[in-house]
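S.K.: If you scroll down you'll find the structure; I have some questions about it.
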Amino acid sequence: MMLCTRLTNANILTMDPDHPVAHDLGIWRGRIVGLDEAVTSLPAREVVDLQGATVLPGFIDSHVHLSWTGLKARTPSIAGLTRVDDVLAAVEDAVSRTGAAGAWVSVGGYDQRALGRHLTATELDRVSHGRRIFLMHDSGHACVVNTAVLDMLPADVPHEDGLLVESAMGAVRRLRLPYSQAELADAIEHAGRVCLAEGITACAEAGIGAGLLGHSPVELGAYQLLRDEGRLPLRVQLMPGGDTLKQAGAHEHDGIPRALDLGLRTGFGDDWLSIGALKIYTDGGMMARTAALTEPYEGMDHTGQLQDDPERLTDLIVDGHLGGWQLAVHAIGDRAADLALDALEHAQKLRPRPDARHRIEHAGLIRPDQLPRFARLGVSAVVQPTFLHSFGDDYAEVMGAKRAPWMYRGRGFLDHGVTLVGSSDRPVTDGAPLRAIQFMVERASASGRLIGPDETITVEEALRAYTVAGAYACRWDDSAGSLTPGKRADLVVLGDDPRHVEPSRISGIEVVTTFVDGHETTEAGKL
């Protein structure tokens, strides 16, 4: 047998307990064919001496927004500005570079916390010069628009002087022309290449078809266009939004109340592009103060909000389960998590599916009494550790001393036997897995504040969250997540071993290169 590639003289961390460490790895036709003595004597077209570099399975980011990431990179931004006058000046500059009156002007990087309050439609009117202004909140759960946009909205759409949150923001989106598939494809390709540079070889796109982020009724086609043209940089699993399901006139014995057209569901597709879980939103986010809590935000008189009537949300979750879907239920606040867990438990009683692998996305604030329920129901927790690195000081303040240790847990989930899955929610914040892994080990915000130090986990456990657990949550565990013979040759080469550096240095480890299907993805081929 002639190998395509043999990696040698490497520190290979396989994440496979049957062969945890190796020095040689053989690749043939995009698959791993053997380790160490099984391949050292075999001829190979290419032998790469890694000179002691560390090799891991390619990182899996189980919750991203690729189209939003790419579009945001091409949008004028006000990120980092802390004075209202400076923000308005930046918006006016963006207006000056846009077409005629009546044109839409999109601006990203909006976060009211940097300003101490939200902007208003009246303020935007002063710099809009006849354009329609749309400021996207960094959380993806709110926007601010000017009066020209408000005048186009139905009278029953709620807003506070131009601030629209959650479903009300969707009403603004519907006023605009959809993105073209070509625009979306370019944005997705850009974001995918950023992921590759950070060692990510596969990801799950968390919500398509709902019109909120990708804003196209034919959004899936953009991914298929990239696949057809050979431009899809990494493996992508697509989560249709829950509101894409329609009433299904299926045979009564099928027991499918709602479905996508033709009955498509989790698992359809190939190794590069497939349909994953059904994404269902139950609440908002902590940044926008719309995550649904059981007790008010610290110093405030409200508890956030659910996305819809609790009964309708429950019915959607149950119908998705009955329709054969894996479910990815967005629940950031503990009140939203209660609703999600109650609905999933009810669904499993109606039709037991032991290997459904349902997930709760974010699990941002989970009370101690909720941890055993996650375990009993076999629900994975798909967390975003970097949220607390980037926003932890703010989140800790609005949760208060009692609840702050419950945010984006690590140890609590693992000690209860819950599958802990790492992800980023890119572009809400930094998407680099090594940054997230460092936080999971340190639990320190960017300012150095420790947040829930009892929730720290080991480096090995954090690596597992971005490899083995990610593969499990995305139902890729038969082909990814570990460097096991027979699995895909998706791997990342690092300049150092995360287990053997100071935790504070983990995020600074160089990502030397990334392999997908056994091929190095950098254009020049670093190795």
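S.K.: Show me 183-189, 279-285, 252-258 ranked by packing, highest mean number of other Cβ atoms within 10 Å first.
M.R.: Taking the mean over residues of other Cβ atoms within 10 Å, the ranking is 279-285, 183-189, 252-258.
S.K.: Let me ask something else about it. Ignoring ligands, DNA and RNA, what accessible area per residue does the chain give at 1.4 Å, in Å²?
M.R.: On the way: 20420 Å² over 527 residues.
I get 39 Å² per residue for this part.
S.K.: Quick one: dipole size for the range 115-160, taken about the Cα centre, charges +1 on Lys/Arg Cβ and -1 on Asp/Glu Cβ, in debye to the nearest 20.
M.R.: Values: 4 positive and 6 negative charges, 36 e Å.
Dipole size: approximately 180 debye.
S.K.: Roll a 1.4 angstrom probe over the protein heavy atoms and tell me the percent of accessible area of the range 155-233 that is carbon or sulfur.
M.R.: Numbers: 1740 of 3250 Å².
On the range 155-233, the fraction of accessible area on carbon and sulfur atoms equals 54 percent.
S.K.: Cα gyration tensor of the range 194-336, axes a ≥ b ≥ c as square roots of the eigenvalues: rounded (a/c below 1.5), prolate (a/b > b/c) or oblate?
M.R.: On the way: a/c = 2.46, a/b = 1.25, b/c = 1.97.
The shape class here is oblate.
S.K.: Continuing with the same structure: How big is the dipole moment of the range 238-281 about its Cα centre under a simple scheme where the beta carbon of each Lys and Arg is +1, that of each Asp and Glu is -1, and everything else is neutral? Debye, nearest 20, please.
M.R.: 180 debye
S.K.: Tell me which aspartates and glutamates have Cα within less than 12 Å of Lys402's Cα, excluding those fewer than 8 residues away on the same chain?
M.R.: Glu295, Glu298
S.K.: What number, rounded to the nearest 500 deg cm²/dmol, is the helix-based mean residue ellipticity at 222 nm of the chain, given -39500 (n - 2.57) per DSSP H run of at least four residues and division by all its residues?
M.R.: Working: 16 runs with 153 residues, N = 527.
-8500 deg cm²/dmol, from helical runs alone.
S.K.: Of Ile457, Gly412, Val172, whose Cα points farthest to the positive end of the dipole of the chain (charges on the beta-carbon: +1 Lys, Arg; -1 Asp, Glu; origin at the Cα centre)?
M.R.: Comparing the listed Cα positions along the dipole, Val172 ranks first.
S.K.: Run the numbers on the range 32-148 and let me know its relative contact order in percent, using alpha-carbon pairs under 8 Å that are six or more apart.
M.R.: Reported relative contact order: 21 percent.
S.K.: Roughly to the nearest percent, how much of the accessible area of the range 372-527 is carbon and sulfur, given a 1.4 Å probe? Before the final figure, lay out each step's value.
M.R.: Values: 2610 of 5480 Å².
Whole-percent figure for carbon plus sulfur exposure: 48.
S.K.: Now for a separate question. What percentage of the solvent-accessible surface of the range 284-348, computed with a 1.4 Å probe over protein heavy atoms, is contributed by carbon and sulfur atoms? Spell out each step's value before the answer.
M.R.: Details: 920 of 2110 Å².
The value for the range 284-348 is 44 percent carbon and sulfur by accessible area.
S.K.: Mind checking which of Pro158, Cys195, Val91 is farthest towards the positive end of the chain's charge dipole, using Cβ charges of +1 (Lys, Arg) and -1 (Asp, Glu) about the Cα centre?
M.R.: Working it through, the farthest residue towards the positive pole turns out to be Cys195.
S.K.: Only Lys, Arg, Asp and Glu count, each charged at its Cβ (+1, +1, -1, -1), so figure out the dipole size of the chain about its Cα centre, rounded to 20 debye. Walk me through the numbers before you get to the answer.
M.R.: Values: 50 positive and 72 negative charges, 84 e Å.
Charge dipole of the chain: 400 debye, to the nearest 20.
S.K.: Reachable aspartates and glutamates from Lys279, Cα under 16 Å, same-chain residues fewer than 8 places away excluded?
M.R.: Partners within reach: Asp61, Glu166, Glu205, Glu219, Asp243, Asp308, Asp315, Asp319, Glu361, Asp425.
S.K.: Sticking with this one: Which percent, to the nearest 5, of DSSP beta bridges fully inside the range 360-514 are antiparallel?
M.R.: Antiparallel bridges: around 50 percent, rounded to the nearest 5.
S.K.: Could the peptides 152-161, 169-178, 384-393, 43-52 be put in order, highest first, of the mean number of other beta-carbon atoms found within 10 Å of their residues? Write out the running numbers ahead of the final one.
M.R.: On the way: 152-161: 12.0, 169-178: 15.5, 384-393: 24.7, 43-52: 13.7.
Per-residue Cβ counts within 10 Å, averaged per peptide and sorted highest first, yield 384-393, 169-178, 43-52, 152-161.
S.K.: Quick check: net charge around Leu225, other residues with Cβ under 12 Å of its Cβ, Lys/Arg +1 and Asp/Glu -1? Numbers along the way, then the final one.
M.R.: Working: positive: Arg227, Arg231; negative: Glu183, Asp186, Glu189, Glu219, Asp228, Glu229.
Net local charge, Leu225 excluded: -4.
The values are calculated or read from the model by the stated rules, or taken from the named source; none is laboratory data. Just so you know, these numbers come straight off a predicted model, no measurement behind them. All Cβ positions, even for glycine, are placed from backbone atoms using ideal geometry, and neighbour counts span all protein chains on display. Just the protein is used for accessible areas: all its heavy atoms, side chains included, with ligands, DNA and RNA removed. Shrake-Rupley method; radii C 1.70, N 1.55, O 1.52, S 1.80 Å.
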